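Taking it in order: structure first as structure tokens, then the write-up.
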Amino acid sequence: MVHYLVKIIFLLFPIMPYNIYGLGKKNEVHVLNQLSGKSPQLELHCASGDNDLGYHYPHVGLNFHWKFDSWARTLFFCHFWWGDKDKAFDVFNHPLYCVEDAYQFIPED
């Protein structure tokens, strides 16, 4: 009986950290275009080390989204173009917080 219990504990141990830390779960990222209808067209290109999601042009009020399984080193980034402006940044880099340093991107009132 003890032998089987030990086997179960050793089988669960590799699985538990993924469940505890949110690793290996399905995640979803949405990029919502809430720009003015009179503004230039938004263009974006998102990718990870394994997946190139291509170029997208979401119309005002619509979004571009995708789902993926996250692991400890999962990283997705997007490059945005809007008229003559462009900016690239991580949109997912941490399985618990989505974007680890997101507070740096939130404008203060």
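Numbers at a glance
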| item | result |
| --- | --- |
| Relative contact order of the range 21-105, pairs being alpha-carbon contacts under 8 Å that are 6 or more residues apart, as % | 31 percent |
| Amide H partners (placed H, <5 Å) of Gln41, local residues excluded | Gly83 |
| Efficiency of FRET from Cβ geometry, Ala47 and Tyr97, R₀ 25 Å, rounded to 0.05 | 0.75 |
| Theoretical gain in end-to-end length, Lys85 to His59 [0.36 nm per residue, Cα-Cα removed] | 7.6 nm |
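Coordinate-derived values only; no laboratory data. Here the structure is a predicted model, which is why all the values come from computation and not from measurement. So basically every Cβ, Gly included, is an ideal-geometry build from the backbone, and we count neighbours across all protein chains shown.
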